[in-house]
Structure formats: C-alpha cells, structure tokens
Protein chains: 4
Amino acid sequence: MRTFRLVIACPDRVGIVAKVSNLLATYNGWITEANHHSDNLSGWFFMRHEIRADSLPFDVDGLRTVFAPIAAEYQMEWQVSDSAERKKVVLMASRESHCLADLLHRFHSGELDCEITSVISNHDDLRSMVEWHDIPFHHVPVDPKDKKPAFDEVTRLVNEQQADCIVLARYMQILPAELCEQYARRVINIHHSFLPSFVGARPYHQAAQRGVKLIGATCHYVTEELDAGPIIEQDVVRISHRHNAEDMVRLGKDVEKMVLSRGLRYHLEDRVLVHDNKTVVFG
Amino acid sequence: MRTFRLVIACPDRVGIVAKVSNLLATYNGWITEANHHSDNLSGWFFMRHEIRADSLPFDVDGLRTVFAPIAAEYQMEWQVSDSAERKKVVLMASRESHCLADLLHRFHSGELDCEITSVISNHDDLRSMVEWHDIPFHHVPVDPKDKKPAFDEVTRLVNEQQADCIVLARYMQILPAELCEQYARRVINIHHSFLPSFVGARPYHQAAQRGVKLIGATCHYVTEELDAGPIIEQDVVRISHRHNAEDMVRLGKDVEKMVLSRGLRYHLEDRVLVHDNKTVVFG
Amino acid sequence: MRTFRLVIACPDRVGIVAKVSNLLATYNGWITEANHHSDNLSGWFFMRHEIRADSLPFDVDGLRTVFAPIAAEYQMEWQVSDSAERKKVVLMASRESHCLADLLHRFHSGELDCEITSVISNHDDLRSMVEWHDIPFHHVPVDPKDKKPAFDEVTRLVNEQQADCIVLARYMQILPAELCEQYARRVINIHHSFLPSFVGARPYHQAAQRGVKLIGATCHYVTEELDAGPIIEQDVVRISHRHNAEDMVRLGKDVEKMVLSRGLRYHLEDRVLVHDNKTVVFG
Amino acid sequence: MRTFRLVIACPDRVGIVAKVSNLLATYNGWITEANHHSDNLSGWFFMRHEIRADSLPFDVDGLRTVFAPIAAEYQMEWQVSDSAERKKVVLMASRESHCLADLLHRFHSGELDCEITSVISNHDDLRSMVEWHDIPFHHVPVDPKDKKPAFDEVTRLVNEQQADCIVLARYMQILPAELCEQYARRVINIHHSFLPSFVGARPYHQAAQRGVKLIGATCHYVTEELDAGPIIEQDVVRISHRHNAEDMVRLGKDVEKMVLSRGLRYHLEDRVLVHDNKTVVFG
C-alpha cells in the first residue's frame, strides 16, 4: 500500500496535532499510522503520520504545498516522503561479509524497501556475492598513505548514484569529514560494541579484557567525532567465561547484523528523528 | 502532574483524530502523550490521550460533557479518567508471597499509583507482611467442599470496598463466574506459564515434562474460560537441563512478578484496550 | 585445533568421572572442555569431553578401543567423534529462503563446521542461490496426491550422500516415518512457534488470533508425532498490537534462523544428548 | 541436601580432573554438580565440585585434610565450604529501598541461603522494614566532612559480626580502602549502569544524555578503583525516547535488583572464581 509519510519536529505548543490532523481530514486523508512524542526536557514535539496515498486528491508535491504554511507557522523541521519513491542506498563494506550478506538477502527477499545502487568496497573479496544479487560492485582500494584519491572516488560514485543514504556495513575505514557533512544524518554505521563502551578499534578485545557479561552492537548516524553520533538502535547478547575472543566475534556478528538491519529499516521508513544528538525512533 | 486520560475505541474512519484533537485544542488542552492504533484486520481504531488537567477550563466531568457528542457521533467505546482519582485495588493471594510482596513494595515506594483497599487471602500466612504496609488483611478460608460462602464473603468485601480492580497475585482459586462478569476486564491474573502453553495446574511441571528451553508468565484479564482471557503482558526466562523443577519455580517467580507488575501498571494508567479477546497496550 | 569428542549417557553412580578421567590421564589426554550433568529425576548421568587429538597416542579408533571396556562396565550409551571428520549434512528447503540463506552464509564464511552434501527442495526457486555456494541442488517435486515417489527419491539421495544429518530449513513437508526412524535424532526441524504452543500449520496466524505478546521459534529433532520431538533450542521476540501477521512473519524469520543455526551448531559439535524425549545441551 | 563445595583455580596441566575425581571416588564421594573451565588465554584451570556431604566418611575438615596434598602438588588456589555453614552477610543501604527489600524478601522466603547478621545504613529510613524481618538495623550516619568515625564504626560492626561478605545494596558511599582490602572479593556492589559505560555518579542521567537504547546494571566485587572491580553479573532493559529520567530510574531498579540478587546467589554458592580482574561464574 502506497503511503505518504509526514515527519515533523518543532517546539511544542498547544494545537499542533489539531492543526495537522484537520488539514489531513480536510483532504480526506486516511491515516494508517500516527506517532507523537512530546519531549519535556527539550520542549520539542515530534510527530510522524503515514497516510494512504490514494486517499488524498493530490500527489506528494501537492501534500507538500498544502502543508508548507502550517510548517512555517509552527517553525517545523519537516519532510514529506512517498513510500513509492524508494531510497537509493550505497552499501560500503570491507572484507567481513556478515552484515553485507544479511542486508543483501533482506533486499533480495523484498524485506528492505529501497534501491541498492551499488556496493563500494576497499577490497575485491565480496564482488561475486554482490554481483550474484545483480548489484554493481565498485572496488576502490584505499592507500593507507594517501587516502584522498580513494575517498574522492567514493564521493564521486555516491554523488553520481544520487544516493539518499550510505550504509557502512563494517567498512572499517573512517569517512572524510566533508562526506559525513554532505550526508549528515544519512550515513549509518554499525559499531561492534554497546556504545559508549569500547569506542574505537577492537571492541571485542576490549570487552574480553574487561570481563563483561554481555556484548553488544550499536547502529548510529556518523558524525565527525568517532562513534559519537546519534544512536538509532542497540542490542546485546549474553556471554560467559566459556567464550573466547573468537566466540565473541561469532556471537557479536549476529547482533551486529540484527541491529544494523533494524536501524536501516527505521531509517528507510522515515521513522528516525534526530534532535540534540539523540534520536526519536517511531518503531 | 495531574492528567485526564481519554481512551477511545471505535470503528475506524477518516477524521477521528482531527475531531478529537480539535476539541482538545479548542479548550487549550495540553496533550502530554498521544497514542493511536488502526487495526486493519478488525477495522477498529484505538486512541489514548493524556492531557494536563490544569490546561483545561473544566474538571473531568466537564471533559466528559463536551466529549460526549463526539463519542456518540463516532459510536465510540470510551472513558475519561482522572489521574488524581487513584483506582481502588483489591489484591488476592494465597500462601506464595513473591507477587504480593513485590506489589506491596512497589505500592509502598510510590511506584504503583493506586489505593490498595485490602488484601484478601484464603490463608492467614501473609497477614503480618500486609499489615506492616498498613493495609487491611482479610482471611477468608475456602472450604473445598462448599466454596460458595467464601466467595460470597469475597464478593461482599470487594463491593463494600468499591474496588475498581481485582488482582489475583497467585490466588490459586478460580473466582466464581458472577464475580468475573461483574468485574469484566477488571480482574487481572498472573499465570505461571507462557500461555497458551501449559494451561491449568502445575505449569512448571508440565514445562519440565516437555523439555522447553524457556519458561514464562502471562498477565491476563480473567474470563470464564480458564487461562483464556485477553493477554496484557508476557515474558520468559531461559532455562536449561541444569534447572530442576525447584529452580524453575524460583526463576519463574521473578518473571511472574515482573509481568504482573507491568500488566497492573498498564491497567492502572488506562493503557490497556480490549477488543475481540485481544489487547491494545499503549505501553 | 583437532579434538576428539567423547559423549556419554548412563545410569548415574559414584566413580564415573574418576574412571573416565583416569583413562584419559593415563594416555596424557589434554581435556579442553568438560561438561557433566546428573539428572536427579531420571537418575541418569551425562558427560561430554573434548580432548586435543594431538595429545593422545592413538587416533579416534584407538580411543574407542580403550574406552569400550569402561562403556560396557557402566552400561553407557556413548560415542566418540573426531572434529576433523566433518558431518555430512543434507539441507531441505521449500520456497522460503531465510533459513537456507542463513545456513549457507554461515557455511560459506566458515562458521558451520560441516560438509553440506546437497540441498533438496520440492521447488526449483532456490537453485541459483544454492549453486552460487558450489553446493549441488536437487529439485524433487512432491505430488500432493502421491508423495511416495518423491520421498523415495529423497531417501535415495540422502543415502547415496551418506548424510549424517538432515536439516529441514522450512521444508514444509512431513517426512515419511521410515526416513525419520532411519535418521532418528539426526533430523533437525525448525518450527515457527514457541512449542508446545501453536503446533501444526500457520502458527503465526494462530498467535495473532490468541493475541500473544511474544512469538517464538523451536528447533527440535523430528519424531513421528508432529512437532513433539525433543527440543534443542528456542527463542522469542516481543511483538505488540502494532504488528500485523506480515510483521510477525518478518520478525519471526529472524528468530527462526537464529534458533535453527544455534541448534544445528550444537548438533554438529555433539553437544546435544537426548534422553526421554528431552535434551541435555552442553552449549 | 547438604553438600561440600570444592572450588579450585590453578595453572592448567594434564591430569588434574583425574587426580581430584579419583580422590573423591576413593572416599565414595557422590558428585551432584561438576564444572570445569580451561582458560586458553591465561593457561589457568578452574573447577567446582558439589559433593553430597552424607556420601563422604568425614566432615568438611576431613575433606580439607585429604585434599591438601593434591592442592599443594598442583599449586592450587582452593577452598572447601560446607553448604550447612551459611555465610554471614552484612547488607549496607542508604535511602533507596528496592534492592534491600528484594534481598530481604528473598531471604525471608528461604531463597537466599545465608545469614543476614545486620543491615547498616547511613540513614534511618529503612529501619522498620529491616526490623520487620527480625534483622538488626544499625544507623551509622556519615559526616561528609569527616567520614572516618562512621567507617570505623562500620568496620567494628562488620568485624564483630564476623561477616563473610558485605553487600552494598545501593549504599551510595565509597568504602575506605582498608575495608575493601580486608574483604577483598567479598564486597559486592550493584552499579546502576552497564559498566564500563557510565562509571561514577548519576549513570541514568549520563545514559539519558547519550541517548542509549538500553540501560543496565552491573554486580561486581569492589576494588580500590571505582566501579572497576571484577564483574559478576550484568543485564539490561530496553528503553526508548518515551522514557524520561524518572522512567529510567524505575525500569533500572528492576534490573538492579535482579542483577544483584543473581550475583549474590552465585557468590553465596561459591560459584564465582576471580582471576586477573575477571570472573569465572559457574552459574
């Protein structure tokens, strides 16, 4: 079922819901899902509506036009998206295949509602897996002494493909600040720890050192500061003394791919609203 | 913060949200929490609003008065409650103390927003624990050969105390049908299995026999059919071959009390809507 | 690291561990993992040792030879396996790809220590996916009016490939009793409910009808009685009123594949001991 | 059933299990539970046996006597305890009652196998609750400007009561280094975060700031470095944007008391072995 998604964040005040739902009712809009959140701390209000496209007398631009005055009146950060316009996603990976294979299979079986325009990797190992799924694969090696040419090429590819979103499916390289900025709130990373524990390299090794009883994974938007962006989703799995580092990697992989796929799904369905480095996820 | 809670269930159609939120906005109602659910299968719509009492120009009856015409127009099942009018709860228990002690402690520490009018038990064992909490304790023994006098007394006590809600905190007796009917959707039971598995007596024993790897608990409204009422909340805990029946009872107790206290909390805050023997829980 | 796995079940009595560990110590056997379980209810004892192969002065048959007298003395059900002899596994699937793709990827990335001799399916849909993994694919259509020819062919293939184990990765057909008997405790099924709830067809539909708050999956050995065999592993995922049947299928898939892959892993590593229709899993 | 618990940690080598189980078999010892762990990284071996007391021809000192030579030969850290000698526990609390009430109820209902010699608190608030359980309550106020007199009194009480173990059930004060040292590996704390995240004060506040999607609790032995001691047990609970700081405190309390009671239970049953600031928990 085709829907339009109206997503709003604005300073909280009385009457917002009435104003918005009146407008939708005026045009006979059939709301299939509605979520609201008033954040007492920040004084902001967050709202997401999903409306049947065929119940409205206009297309997505029509909805934008009639909504714009309300948005202006209430100083809203807002967007309207059309579920029929599938987001263009660039996946980036390195050598580890678990997250990539998981996303590719979900895409292949129709579970992930997006278009994967390509996979970019600094290694050639996963080419065949990607190409079996009929998705273009770009091998862009990164020279550790001079990373700029590689990231120029990555940037060129991403722009050329008009990506809406970049997913770092265990890419293991830090993207340049300009690209992060250009794609602010649209670069999704999976970190293999329960942030803010174990920032940076080798988190499972750090976890083993500390003797924790649960290990986790964190899906977050990438910002300039390493592993410090807004968290979209997290989960953990229980471990014990019987699990060595290799076991932790194996168990962690399952958490990573679950957390990344959930986080990406939320993003693709416009369910994630960011405010003050935190997220509201209408999951 | 005092709030009024407006809870609605009605056949779904366009404009309900607009109508309701308009009314609230007209009176300058400040919505602190709003939840909606459209059920595609049944074609019903469910909504719960929490509104700051001090933002409205009338009391809870005033809200009922202005809302009644809308309710009639949309054929709503509805109720308005006032968070300041704490529900009157009768707890019923037998000899096992874990659920009762848990609820009493939550009540005592201000976590459960209700008034516990009394505890009724078919045994006298837990009297001292209850009375330490300054709550009246009624020992109403049940004669297995003639249960009627006991349940007449229970009914009398419950009515006398004008209870809004009865909680069977491991009461281990089946309430008479008339009392269940009188308190339909207001008698809450905790069953010590993950329903619909292991209906009836000795569910942990049944679970041990079947060799399951998780055991659970289910909080549900009581209906005439045993353990078949609308489910409010469930949870499970992992077990293994190392756990014998005694361990399962011990581990199960923790799940039971968590599930019961969550379920009761949802009920007290008017978060549970029942339709077709299923619940919508705006948790 | 190559290991020999000594797995024992026998009536419990004093001195078993001493006898076994003495024997191993006599030959300088280096135990890397040891698990014991005394079941009070049945009076049986269960034990699993993993011993470094290179610490012993003989091969796996040598270990069997020196161990046989002890086994006889204590009336043990026992087996010794060699981690270097990877079990031969036949996967069976239908049209749903999630469990199959998950197992194939785990196999491909070296996480599942076995040999997959082939995939047998009653549909041809998944051929390309299987063949990309360099695994033979057999399309054996099942005529609903006369299933015998198909199952004769399945039996022939399984025997020809000298399978150690058959995995029903959402095969959706009931295997004939003779095949189940021939492969007793070696046919692994994934059922998409938390057994014993929702036996048989369309468990998610049944779950939606009952209004449960968690859905689950169960990995079990297949016996003649439908969905009643010894349970190896189970897990659940939380759902709410917001999840329709389609969502439950989607969320359930993730539980199914996790539970099946864990159960299979336990089986492949000889961690599952069956007694009285229940399992001891030394996970 | 009375048991002796033999707990061992030593450098790993061939023959330890044989030696120990032989000794036990010689005296006809009936092992009801046995756990082993070989840690590859450290090269250490950990073992715990639970033996029926009535199967041995001597008492716990007799077992110590016959075992000592083996312990010396293998350079073991070891202890033998008697389940009939219940550990003496001092509980320390401040004003928050949830952990204390939980432990007291578990004790009261026979679930915690120990003797609670007293509760020490820097406030008098919880006296009545403690005394209802027939447990002595000591109010030892702590002067923030001069804490020494208070901790001298605490030390005196703990020594006078010959405590085996001190449990900080949300005591909110840092014990002096000397007391921690005297009771090394016997002071158990509950920290209300998933360590190593959010060390120190107001962890829920820190968690809210960072926007995590799970909050947790950690039960650990106290060492001189704040919140850095060996972790015994951890768990988490899911939160979302809908939960404010007050909700997090409420949800966190349930995790705290579950984690503390599990950790304490492991400790009381001699299931926790510490090595290199990490624990082996034979749960």
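Here are the numbers:
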item: Total residues in the stretch A:221-230, condition crowded, with 24+ Cβ neighbours inside 10 Å and closer than 15 Å to A:PHE198 by Cα; result: 1
item: Every residue from the stretch A:82-117 that is more than 16 Å from A:LEU264 (Cα to Cα) and touching a strand residue (DSSP E or B) at 6+ places or on another chain (Cβ under 9 Å); result: A:ASP82, A:ALA84, A:SER94, A:ARG95
item: Test: residue in the stretch C:212-233 that is among the aromatic types (Phe, Trp, Tyr), assigned by TED's automatic domain parsing to the domain that holds C:CYS165 and touching a strand residue (DSSP E or B) at 6+ places or on another chain (Cβ under 6 Å); result: no
item: Whichever residue in the stretch D:166-179 is crowded, with 19+ Cβ neighbours inside 10 Å and of a type in the set (A, V, I, L, M, F, W, C) and, among such residues, is nearest to the other protein chains (Cβ to nearest Cβ); result: D:ALA169
item: Condition check for B:VAL130: among the β-branched types (Val, Ile, Thr), within 14 Å of chain D (Cβ to nearest Cβ) and either buried (at least 16 other Cβ atoms within 10 Å of the Cβ) or touching a helix residue (DSSP H, G or I) at 6+ places or on another chain (Cβ under 8 Å) (or both); result: yes
item: Subset of the stretch D:1-25 [of a type in the set (Ser, Thr, Tyr) and at pLDDT below 95]; result: D:SER21
item: C:ILE70 being buried (at least 20 other Cβ atoms within 10 Å of the Cβ) and at pLDDT 95 or above; result: no
item: Any chance B:LYS253 is farther than 30 Å from B:ILE51 by Cα and touching a strand residue (DSSP E or B) at 6+ places or on another chain (Cβ under 6 Å); result: no
item: Residues of the stretch D:84-97 satisfying the condition of being out of contact with any Asp or Glu (no Cβ under 7 Å at 6 or more places or on another chain), surrounded by 18 or more Cβ atoms within 10 Å (Cβ to Cβ) and not aliphatic (A, V, I, L, M); result: D:SER94, D:GLU96, D:SER97
item: Residues (of a type in the set (D, E, K, R) and under 15 Å from the mean Cα position of the chain (by Cα)) located in the stretch B:156-180; result: B:ASP164, B:ARG170
item: Any hit, the stretch B:144-156, residues being surrounded by 18 or more Cβ atoms within 10 Å (Cβ to Cβ) and in a loop (DSSP other than H, G, I, E, B); result: no
item: Checking D:HIS139 against (1) crowded, with 21+ Cβ neighbours inside 10 Å; (2) touching a helix residue (DSSP H, G or I) at 6+ places or on another chain (Cβ under 8 Å), the condition it does not meet; result: (1)
item: Residue ID - farthest from the chain's Cα centre (by Cα), chosen from residues in the stretch C:21-46 that are more than 8 Å from chain D (Cβ to nearest Cβ) and within 18 Å of C:ASP82 (Cβ to Cβ); result: C:TYR27
item: Subset of the stretch A:47-64 (residues that are within 26 Å of A:VAL280 (Cα to Cα), without any contact (Cβ under 8 Å) to a residue 60 or more places away in the chain and not acidic (Asp, Glu)); result: A:MET47, A:HIS49, A:ILE51, A:ARG52, A:ALA53, A:VAL60, A:LEU63, A:ARG64
item: Per-region count, the stretch C:224-263, residues out of contact with any Ser or Thr (no Cβ under 7 Å at 6 or more places or on another chain), under 20 Å from C:HIS275 (Cβ atoms) and modelled with pLDDT of 95 or more; result: 2
item: Among residues of the stretch D:30-59, those that are buried (at least 18 other Cβ atoms within 10 Å of the Cβ) and over 26 Å from A:HIS241 (Cα atoms), counted; result: 3
item: Pair list, Cβ under 6 Å, 6 or more apart: the stretch C:1-25 residue crowded, with 18+ Cβ neighbours inside 10 Å, other residue of a type in the set (Asp, Glu); result: C:THR3/C:GLU50; C:PHE4/C:ASP82; C:ARG5/C:GLU50; C:ARG5/C:ASP270; C:VAL7/C:ASP270; C:ALA9/C:GLU77
item: Condition met for D:ASN40 (touching a residue at least 60 places away in the same chain (Cβ under 8 Å) and not assigned by TED's automatic domain parsing to the domain that holds D:LEU168); result: no
item: Residues that are in a helix (DSSP H, G or I) and within 11 Å of another protein chain (Cβ to nearest Cβ), drawn from the stretch C:100-127; result: C:LEU100, C:ALA101, C:ASP102, C:LEU104, C:HIS105, C:ARG106, C:HIS108
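Here's the yes/no breakdown for (1) free of Cβ contacts under 8 Å to residues at least 40 places away in the same chain; (2) under 23 Å from D:TYR221 (Cα atoms); (3) of a type in the set (Val, Ile, Thr):
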site	(1), (2), (3)
A:PHE198	yes, yes, no
A:ARG210	yes, yes, no
A:ILE215	no, yes, yes
A:GLN234	no, no, no
A:GLY252	no, no, no
A:GLY263	no, no, no
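Rundown of residues vs (1) within 23 Å of B:VAL237 (Cα to Cα); (2) buried (at least 22 other Cβ atoms within 10 Å of the Cβ); (3) within 13 Å of the chain's Cα centre (by Cα), yes/no style:
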residue	(1), (2), (3)
D:PRO203	no, yes, no
D:LYS213	yes, yes, no
D:VAL236	yes, yes, no
D:GLU256	yes, yes, no
D:LEU264	yes, yes, yes
D:GLU269	yes, no, yes
D:VAL272	yes, yes, yes
D:GLY283	yes, no, yes
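The values are calculated or read from the model by the stated rules, or taken from the named source; none is laboratory data. All values derive from a computational prediction rather than experimental measurement. Don't worry about glycine lacking a Cβ; one is built from the backbone with ideal geometry, like all the others, and counts go over all protein chains shown.
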